[in-house]
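Colleague: Structure in structure tokens, see below.
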Amino acid sequence: MFHRQRCRIDGEMPLADCAALVARVWADYRPGAAPPRVTPGFLARSATGDRSRVNLPRWARQEAVVLHETAHSLQPYGTAWHGPEFIRLFIELLVRYHRPCRGQRAHLLRTARAARIKVGRLHDCPKPQRRMVR
């Protein structure tokens, strides 16, 4: 049987830490709103995220993937699932919450554009309502 290898960007996080990261992002972007429920994704082949749930199989329990699915949960209605606005939001979440990407916005934008990935305008991207507390 063929088993697809998954990319390990970060170390695996406990599910509770994944839920805490989702809650932290939601507290900054949607203060007062209940964050999506984080579920373990048993038997799931892919990670998913929407306004009600972020489903994370074991391979997906790493910061970059959690932030990707959280970006889906924050994505405005009517925007393409992996369209330019989503890409911009994901980059902003990486820059704000993923330690290796902090201060790397210009590099991430250049890399995406070099790969011919359309990136939305910052103006059209959801903004955090709370300032970053380190």
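Rule-based calculations on the coordinates, nothing more; no lab input. These figures come from a predicted structure and were not determined experimentally. Cβ placement follows ideal geometry from the backbone for every residue including glycine, while neighbour counts extend to all protein chains displayed.
Colleague: What are the extents of the Cα atoms of the chain along their three principal axes, in Å, largest first?
Modeller: Reported extents, whole Å, longest axis first: 44, 38, 32.
Colleague: Quick one: compute the contact order of the range 12-74, relative version, from alpha carbon pairs under 8 angstrom and 6+ residues apart, as a percent.
Modeller: 35 percent
Colleague: Now for a different question. Using the C-alpha gyration tensor of the range 18-82, what are the square roots of 5 times its eigenvalues, in whole angstrom, with the largest one first?
Modeller: 18, 14, 10
Colleague: Per the Kirkwood treatment, what hydrodynamic radius in Å, one decimal, follows for the range 78-125 from the mean inverse distance over all distinct Cα pairs?
Modeller: 10.8 Å
Colleague: For Leu21, Leu108, Leu122, Leu67, what ranking results if the residue with the fewest other Cβ atoms within 10 Å of its Cβ goes first?
Modeller: The most exposed by this proxy come first: Leu122, Leu108, Leu21, Leu67.
Colleague: Which residue fluctuates most in the GNM of the chain (Cα springs below 10 Å): Tyr97, Tyr77, Tyr29?
Modeller: Its mean-square fluctuation being the largest, the pick is Tyr77.
Colleague: Determine the dipole magnitude for the chain: charges of +1 sit on the beta-carbon of Lys and Arg, -1 on that of Asp and Glu, nothing else is charged, the reference point is the Cα centre, and the result goes in debye to the nearest 20.
Modeller: Approximately 300 debye in magnitude.
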